[in-house]
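The values are calculated or read from the model by the stated rules, or taken from the named source; none is laboratory data. Just so it is clear, the structure is predicted and the values come from calculations on it, not from any experiment. Positions of Cβ are backbone-derived with ideal geometry, glycine not excepted, and every protein chain shown enters the neighbour counts.
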Amino acid sequence: MKRKVLLMGGFHKAYALSASLIQNGYEVTVINNDYHNCHSLAELKSLKVIFGDATKPFVLEDADAEDMDIAIALTQKDDENLVMCELCKKRFHIKKTVALVNDPKKTEFFYKMGIDSVVCAINAITNIIEQQAIMDEMAKIFPIGVGGINIAEVPIPTQSPAAGKKLWEINLPKEVIIGCILRGEHSMIPRGDTRILSGDVLILISSDKQEMNAVRELTGK
């Protein structure tokens, strides 16, 4: 059975995301409060389009919100995105809600209000810069190629054998160190009791001969 996704607002983002999701086998419904936008969105094959305001419960009912697996709010107004996701979560019991946030200061508040995922472009760009800074700093401490030392980024997928385990529970080669964990918008220096989660990106410091063994142990690949 196809997973059902509800997109609310945000014409350009909704159009691009709908096309991608449909191509990947999702069943997508879009709510937009601009008639001309709805007309353009309706040109996408297999896309269900609802004309209306997604902050109104009766509009969400028309979109069969109670049958959705994921709801994503894409407007430029943070308060509207919060209301939409709150309605989807609490009234229509949609398991996964995602909100676009323009003001990075509101990110933590959205999480406290029960939104499952909060996407902020400014935070994302800042995170990329910080991650690159970490990599650059490590490269200064452990020059890549000197003495056979490598630094690698290892994403942890959902099915990874390491996901959910503490560092001390993972049988890594002695020549491998997990120097940092990048988790969402934060980075941390791990300890033995730090638990690895799916979605983490691990920064490995290793010898040439042991890097692949460590990656295999962490990801199963």
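Odds and ends about this structure:
- Yes/no for Gly179 being in contact with a strand residue (DSSP E or B) (Cβ under 6 Å, 6 or more places away or on another chain) and of a type in the set (Gly, Ala, Ser): yes
Listed here are the residues, each with its yes/no results for (1) among the acidic types (Asp, Glu); (2) in contact with a helix residue (DSSP H, G or I) (Cβ under 7 Å, 6 or more places away or on another chain); (3) touching a residue at least 60 places away in the same chain (Cβ under 8 Å).
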| site | (1), (2), (3) |
| --- | --- |
| Lys2 | no, no, no |
| Phe11 | no, yes, no |
| His39 | no, no, no |
| Glu43 | yes, no, no |
| Ala65 | no, yes, no |
| Ile72 | no, no, yes |
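- Listed here are the strands (runs of 3 or more DSSP E) enclosed by the stretch 162-221 that have at least 1 residues being hydroxyl-bearing (Ser, Thr, Tyr) and touching a residue at least 40 places away in the same chain (Cβ under 8 Å): 186-188, 201-207.
- Residue match in the stretch 82-93 (condition: assigned to a helix (DSSP H, G or I), surrounded by fewer than 17 Cβ atoms within 10 Å (Cβ to Cβ), modelled with pLDDT of 85 or more and touching a helix residue (DSSP H, G or I) at 6+ places or on another chain (Cβ under 9 Å)): yes
- Qualifying residue in the stretch 14-28 (condition: aromatic (Phe, Trp, Tyr) and either on the phi > 0 side of the Ramachandran plot or in contact with a strand residue (DSSP E or B) (Cβ under 6 Å, 6 or more places away or on another chain) (or both)): yes
- Close pairs (9 angstrom Cβ cut-off, 6 or more residues apart or separate chains): within 13 Å of Pro57 (Cα to Cα) in the stretch 76-95, modelled with pLDDT of 95 or more and basic (Lys, Arg) anywhere: Leu87/Lys56
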